[in-house]
Amino acid sequence: MKKRIAFFDFDGTITTRDTLLEIFKFYKGNFKFYLGFAINAPVILAWKAGIISNQAAKERMLQYFFGRLPVQTFQQQCDEFSKTVLPSLIRPKAMQEIEKHKAAGTEVVIVSASAENWIQQWCNLHNIQLIGTRLQVKNDLLTGKIENRNCHGEEKVSRINAIFELSQYNEIYCYGDSGGDKPMLRLATISFYKPFR
């Protein structure tokens, strides 16, 4: 019997929008969200220009929106976001593909640069494994920093290889939609780029 595994990027592949931005908006409201982006515009421009890394830009935004927030409060907000907002962002074709894999006995894993906090509940509901970015917590408060490395680009490959022995699988499916997914797509025996648009 063939052993199969499918790795899906989350933001933009399974969802129609970047959930990091959506949770900022959910937590702060539209006005504070757009004000925060205006204040942090130089950071965003520096990242787009390649002056600072994806992780540095992301941490700056996390610090601005969530820095020193009690982790319990943050997780409550994430769970509410997962229940009330996330379902409306899921691409129906992506969900159909996931269900098709599950019905065939394929292991399904989300591999996301977004924090596990607001994806885990959704993954649990659909019986899907999750590898995501982990946020640093000190004294029960979010620091706004990422624990170790952002789960993006080559880090997706490192995290996958740390958990799964891919040589044991006959078929490896990978789904992504951005340059940050391309290292993961190269692991696949069958890969899909922007498949659900």
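State the percent of C-alpha pairs, over all pairs in the range 4-193, separated by a distance greater than 32 angstrom.
Of the Cα pairs, 14 percent sit more than 32 Å apart.
Pop out the Kirkwood hydrodynamic radius of the range 4-63 from its pairwise C-alpha distances, inverse of mean 1/r, in Å to one decimal.
Evaluated over the range 4-63, this radius sits at 13.0 Å.
How many angstrom separate the Cα center of the range 51-127 from the Cα center of the range 130-197?
Cα centroid of the range 51-127 versus Cα centroid of the range 130-197: 12 Å apart.
Could you check the spin-label model distance between Gln75 and Tyr193? Points 7 Å from the Cα along Cα→Cβ, value in nm.
3.9 nm
Looking at the chain as a GNM with Cα springs under 10 Å, which of Tyr64, Tyr27, Tyr169 has the largest mean-square fluctuation?
Tyr169
Length gain on complete extension for the stretch Val137 to Arg186, per 0.36 nm per residue less the alpha carbon to alpha carbon distance?
14.4 nm is the gain from fully extending Val137 to Arg186.
Rounded to the nearest 500, what is the 222 nm mean residue ellipticity of the chain from helices alone, with -39500 (n - 2.57) per DSSP H run of 4+ residues and division by all residues?
For the chain, the value works out to -14000 deg cm²/dmol.
How many nm is it between the label spots at Asn148 and Gln129, if each spot is 7 Å from the Cα in line with the beta carbon?
1.5 nm
Choose one answer from Gly176, Gly29, Gly132: the residue with the largest mean-square fluctuation in a GNM of the chain with alpha-carbon springs under 10 Å.
Gly29
Multiplying the sequence separation of Glu171 and Met95 by 0.36 nm and subtracting their Cα-Cα distance, what value in nm do you get? Spell out each step's value before the answer.
Details: separation 76, 0.36 × 76 = 27.36 nm, distance 1.98 nm.
Value of the extension gain: 25.4 nm.
Considering the chain as a Gaussian network with a 10 Å cut-off on Cα pairs, which listed residue, Ile39, Ile172, Ile23, attains the greatest mean-square fluctuation?
Ile39
Antiparallel DSSP bridges in the chain: what percent, to the nearest 5?
Antiparallel bridges: around 20 percent, rounded to the nearest 5.
Longest segment of the chain with no GluC sites (Glu not before Pro) in a DSSP loop having at most 13 other Cβ atoms within 10 Å?
1-146
Tell me which lysines have Cα within less than 21 Å of Lys145's Cα, excluding those fewer than 8 residues away on the same chain?
Lys25, Lys28, Lys32, Lys48, Lys58, Lys156
What's the extension gain from Glu107 to Leu21 if we count 0.36 nm per residue and subtract their Cα-Cα distance?
Numbers: separation 86, 0.36 × 86 = 30.96 nm, distance 2.87 nm.
Extending this stretch completely gives an extra 28.1 nm.
We did not get these values from a lab; they are worked out from the coordinates using the rules stated. Predicted, not measured: the structure shown is a model, and the values here were computed from it. For neighbour counting, all protein chains shown are included, and Cβ atoms are generated from backbone atoms with ideal geometry for every residue, glycine included.
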